[in-house]
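Asker: Before I ask anything, here is the structure I am working with.
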Amino acid sequence: MNKKRTLLIAEDSKVNRKILKRILEAEGYDTLEAENGQIALDLLQSGKYEISLVLLDLTMPVMNGYELLAKMKESGLLTSVPVIVTTGSEKGMAEIRSLECGASDFIAKPYNAEIIIHRVESILRLCDNAALINELEIDLLTGVYSREAFYRHAQMMLEENPDEKYDIVCSNIENFKMINSKYGITVGDELLRCIAAHNIACIGPDGICGRIGADSFVVLRKSRSLRSQEEIGQLYSQTFQDAPVKNFVMQYGVYPISDRSASIASMCDCAQIALSSIKHKYGMYYAVYDDSMRQKILREHQLTGYMELALAEKQFVVYLQPKHDVQTGRIAGAEALVRWFHPELGFISPGEFIPLFERNGFVAKLDRYVWEVVCTILQGWMKEGRPLIPISANASRVDFDADDLPETISELVDSYGIPHNMLHFEVTESAYTDNPQKMIAAVSMLRSMGFLIEMDDFGSGYSSLNMLSELPIDILKLDMRFIQKGSGLLPNSKRSILSFIVSLSKWLQLPTIAEGVETKEEVELLRSMGCNYIQGFYFAKPMPVADFEKYMTDAKNAPSLQAVTTPKSSEIPTTFASGENMPCVLIVEDIESNRELLKEILKPYYKIVTACDGAQAYALIQTNHAKLSCILLDLLMPVMDGFQLIDAMRKDGFLDEIPVIITSEVGSDSELRALHLDADSFVSKPYNAEILLHHVKKAVNERDFRKLRLRV
Ligand code: C2E
Ligand code: CA
Ligand code: CA
């Protein structure tokens, strides 16, 4: 042994101590002596010496050998300090009893130097190895095997049971990072221990368990038939009832071992591949490996290899899909959706490459590219004098990793001279769950800059009300594809989910866009529920920009406000005008029947322009503010509501220039809010023609007065 070790001789006979001391010191050990059990115990507990082993006589005064063993066991000392008992005449029974008491070995008197040294050395070696194995093999947190140990023991188990069928099952906690940050590391650790304990109990003596990553577990178990996804979901919510965290989701990847010659590590890879195939898929608790999954991995390697060049060569093409106003059927916006046309591989769907790019981070680069293309499209429309409609671009969770995302976007959009409200960003909840604080900060910043935020895929399963209350968003997008199964009418339960989401968003004063809408029945249903916008194959599939431009000019689709002008043609449209010299009133209101009513009342006295949401109104105000005498503003609107419009007007100084009359339901606190917003007056719905005219007249006079003041 290289290191000098200290051994404790507990022996009442001075002669015996001397003999042992001589034998041991001759071999290079240090020794300590104790003439009874109590002194030995004191030495052990003093912490002054690092004692590697105790040579213990059984019969001693004050505290005998058995008593010392019991004390050592009690205090936990025995697990780290091995004891060799030296027996004399009482051999036999004493040996058995001392082993039962926790001694590691025994030596008979009279002493034989060679035997003593041999025993001491082998016990010390054994202890060293055990400590080493302990350190490497067992995951200290959960008590299951660590990665390498799992591989070794799994290999052994397979070799010992050549005729048995086994599975490797890898499992993972969905969103463990979030659990850690929300509940703290201690609770996270507790959850991991709970899962490890569950795994051990579940597989019993016929399998083994390991932990191979922070929240990644693996088991080798005898093959068994699999339950349905629903059953597994229900089963484990029962199983983990006592877990320190409720409602967490575990997912499992199963690899039924077919090729025993493969390494355990590569078997685990297969289970991991199966597991990753259901990552972030709601309602999927397990997946079983099959060879197509490996093909998929190979394909992903291929795409990863091509992606940089593809971006440089502009193989990514942006398509637009219209969003239609439910009331009017006209276009109210568009979503930018990217496609990949590879010269050899052909068309590749974003459904295939986006999840891959989200994993490897490339999506951040691609998204930036798409945003820039969107800017060039909008700039083109402005230059050509086409009506401007907002385009929504997707922002992936990876985009939010950058601290300066809002600034980057704002710089980009400004460099093209695009009004911020013409760009919307569709975000998903996964970005929020990844890092709630960061996401809230970025989204708030973007909104304060005038961009609009749409919550994408709401209703996809993970959406939580908690998130809705914390994350400031402008529009809720619900995806029919998550709700509907097949085509045809929606079954009752799906219908109530839909109606719940739509009324929830009304309650939150958020407009809703339903996407993935394919049939007339769905359109009618959504209309009856009060959903505001629809995007889906029923109207149009995503299409190349040139096609979209043609689609926009089609009379029945044309953006509902022909007055939405570009800076180039800054004339107030005269579509609704009945006289040239009349004061001009802008009606901002999303519900068509309300717009018509207001128009009817005011038409005889004023020139009327209308906008069906804040964004359109804002574009109009920016270019035509000098000609507007008064604005009638509804507060609850999609795209940009009345509150946001007023905020934007205030920032640009238009609020001082043009009087605003808020129109809203009575009974709500809207009137109070309107006054707080510095609106000039308030008219309640349903409209009374006389009162309305009175307010508008007052406002128009006020406007004339302000003009005068400006001139002075
Ligand atoms: P998403 O953001 O939920 O986009 C809507 C998807 O639904 C689009 O698929 C669209 O073609 C499809 N869709 C629209 N209406 C219907 C319908 O009536 N029926 C059915 N069955 N599908 C409909 P697409 O274009 O294949 O895009 C898939 C996903 O890829 C998108 O889902 C989005 O998550 C992602 N993606 C696409 N482009 C981009 C991008 O530029 N950046 C990022 N980060 N993700 C993108
Ligand atoms: Ca989207
Ligand atoms: Ca979506």
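Asker: Given the criteria more than 14 Å from ligand 3 (Cβ to nearest atom), within 19 Å of K651 (Cβ to Cβ) and in the same structural domain as E335 (by TED's automatic domain parsing), does P472 qualify? It would help to see each step written out before you state the result.
Answerer: On the way: more than 14 Å from ligand 3 (Cβ to nearest atom): yes; within 19 Å of K651 (Cβ to Cβ): yes; in the same structural domain as E335 (by TED's automatic domain parsing): yes.
In short, yes.
Asker: Restricting the first residue to segment 425-453 and requiring it to be without any contact (Cβ under 8 Å) to a residue 60 or more places away in the chain and under 16 Å from V413 (Cβ atoms), which pairs with a second residue that is open to solvent by 20 Å² or more (accessible area, probe 1.4 Å) and part of a strand (DSSP E or B) meet a Cβ separation below 8 Å and a spacing of at least six or different chains?
Answerer: F425/N394
Asker: Right, here's the next one. Looking at segment 305-322, is at least one residue within 16 Å of ligand 2 (Cβ to nearest atom) and either among the aliphatic types (A, V, I, L, M) or farther than 25 Å from E426 by Cα (or both)?
Answerer: Within segment 305-322 (the criterion being within 16 Å of ligand 2 (Cβ to nearest atom) and either among the aliphatic types (A, V, I, L, M) or farther than 25 Å from E426 by Cα (or both)), the answer is yes, since at least one residue qualifies.
Asker: Being surrounded by fewer than 18 Cβ atoms within 10 Å (Cβ to Cβ) and β-branched (V, I, T): is that true of V338 here?
Answerer: Considered against the rule, which asks whether it is surrounded by fewer than 18 Cβ atoms within 10 Å (Cβ to Cβ) and β-branched (V, I, T), V338 comes out as no.
Asker: Looking for something assigned to a strand (DSSP E or B), within 27 Å of the chain's Cα centre (by Cα) and in the same structural domain as I212 (by TED's automatic domain parsing) - is there at least one such residue anywhere in segment 255-262?
Answerer: yes
Asker: For segment 504-563, give me the residue count where each residue is crowded, with 20+ Cβ neighbours inside 10 Å, part of a loop (DSSP other than H, G, I, E, B) and either at pLDDT 90 or above or within 16 Å of ligand 1 (Cβ to nearest atom) (or both).
Answerer: The total comes to 6.
Asker: To continue, here is another question. Please identify the pairs in which a residue from segment 512-529 that is within 25 Å of L468 (Cβ to Cβ) has its Cβ atom under 7 Å from the Cβ atom of a residue that is in a helix (DSSP H, G or I) and among the polar types (S, T, N, Q), counting only partners at least 6 apart or on another chain.
Answerer: Between residues of segment 512-529 that are within 25 Å of L468 (Cβ to Cβ) and residues that are in a helix (DSSP H, G or I) and among the polar types (S, T, N, Q), the close pairs are T512/S505; M529/S499.
Asker: Can you name the number of the only condition in (1) more than 9 Å from ligand 1 (Cβ to nearest atom); (2) touching a helix residue (DSSP H, G or I) at 6+ places or on another chain (Cβ under 8 Å) that P343 fails?
Answerer: Going through (1) more than 9 Å from ligand 1 (Cβ to nearest atom); (2) touching a helix residue (DSSP H, G or I) at 6+ places or on another chain (Cβ under 8 Å) one by one, P343 breaks only (2).
Asker: Still on this structure, please answer the following. Has segment 207-221 got any residue that is open to solvent by 70 Å² or more (accessible area, probe 1.4 Å) and not assigned by TED's automatic domain parsing to the domain that holds T79?
Answerer: Checked against the condition, which is being open to solvent by 70 Å² or more (accessible area, probe 1.4 Å) and not assigned by TED's automatic domain parsing to the domain that holds T79, segment 207-221 yields no hits at all.
Asker: Now a separate question. I need the full set of residues from segment 204-249 which are in a helix (DSSP H, G or I) and closer than 17 Å to L192 by Cβ, in order please.
Answerer: Y236, T239
Asker: Further, regarding this structure: Would you point out which residue out of L298, L320 is over 30 Å from V523 (Cβ atoms) and either buried (at least 22 other Cβ atoms within 10 Å of the Cβ) or without any contact (Cβ under 8 Å) to a residue 60 or more places away in the chain (or both)?
Answerer: L298
Asker: Which residues, taken from segment 341-361, are within 16 Å of ligand 3 (Cβ to nearest atom) and either buried (at least 17 other Cβ atoms within 10 Å of the Cβ) or closer than 14 Å to P544 by Cα (or both)?
Answerer: If the condition is that a residue be within 16 Å of ligand 3 (Cβ to nearest atom) and either buried (at least 17 other Cβ atoms within 10 Å of the Cβ) or closer than 14 Å to P544 by Cα (or both), then P350, I354, E358 are the ones that fit.
Asker: Looking at segment 598-632 only, could you name the residues that are assigned to a loop (DSSP other than H, G, I, E, B) and buried (at least 22 other Cβ atoms within 10 Å of the Cβ)?
Answerer: Y606, C612, D613
Asker: Right, here's the next one. Return the pair list, or none, for Cβ contacts closer than 7 Å from residues in segment 347-364 that are within 18 Å of M543 (Cα to Cα) to residues that are within 8 Å of ligand 1 (Cβ to nearest atom) and in a strand (DSSP E or B), at least 6 apart or on different chains.
Answerer: Hits for this filter: F347/R339; P350/L337; P350/V338; P350/R339.
Asker: What residue, among those in segment 330-340 that are away from ligand 2 (no atom under 16 Å from the Cβ) and in contact with a helix residue (DSSP H, G or I) (Cβ under 9 Å, 6 or more places away or on another chain), is nearest to E454 (Cα to Cα)?
Answerer: For segment 330-340, the residue satisfying everything is I331.
Asker: Quick check on A312: is it over 24 Å from the mean Cα position of the chain (by Cα), closer than 15 Å to V373 by Cβ, of a type outside the set (D, E) and buried (at least 20 other Cβ atoms within 10 Å of the Cβ)?
Answerer: Working: over 24 Å from the mean Cα position of the chain (by Cα): yes; closer than 15 Å to V373 by Cβ: yes; of a type outside the set (D, E): yes; buried (at least 20 other Cβ atoms within 10 Å of the Cβ): no.
Judged against the criteria, A312 is not a match.
Asker: Right, something else. Mind counting the residues in segment 20-39 that are closer than 12 Å to Y111 by Cα and open to solvent by 60 Å² or more (accessible area, probe 1.4 Å)?
Answerer: 2
Asker: Among the residues of segment 110-153, what is the count of those that are in contact with a Cys (Cβ under 9 Å, 6 or more places away or on another chain) and of a type in the set (A, V, I, L, M, F, W, C)?
Answerer: Within segment 110-153, residues that are in contact with a Cys (Cβ under 9 Å, 6 or more places away or on another chain) and of a type in the set (A, V, I, L, M, F, W, C) number 2.
Asker: Find the residue count for segment 428-454, including only residues that are away from ligand 3 (no atom under 16 Å from the Cβ) and either more than 26 Å from G642 (Cβ to Cβ) or of a type in the set (A, V, I, L, M) (or both). Break it down stepwise before answering.
Answerer: Applying the first criterion (away from ligand 3 (no atom under 16 Å from the Cβ)) to segment 428-454 yields 433-451.
Right, trim to either more than 26 Å from G642 (Cβ to Cβ) or of a type in the set (A, V, I, L, M) (or both) and you get 433-443, 445-446, 449.
Qualifying residue count, segment 428-454: 14.
Asker: Scan segment 426-439 and give yes if some residue there is over 16 Å from the mean Cα position of the chain (by Cα) and either within 15 Å of ligand 2 (Cβ to nearest atom) or surrounded by fewer than 21 Cβ atoms within 10 Å (Cβ to Cβ) (or both), otherwise no.
Answerer: no
The values are calculated or read from the model by the stated rules, or taken from the named source; none is laboratory data. This one's a predicted model, so the numbers in the text were calculated from it and none came from an experiment. Cβ atoms come from the backbone with ideal geometry, glycine included; neighbour counts cover every protein chain shown. We work out accessible area using only protein heavy atoms, side chains counted, and drop any ligands, DNA or RNA first. Shrake-Rupley method; radii C 1.70, N 1.55, O 1.52, S 1.80 Å.
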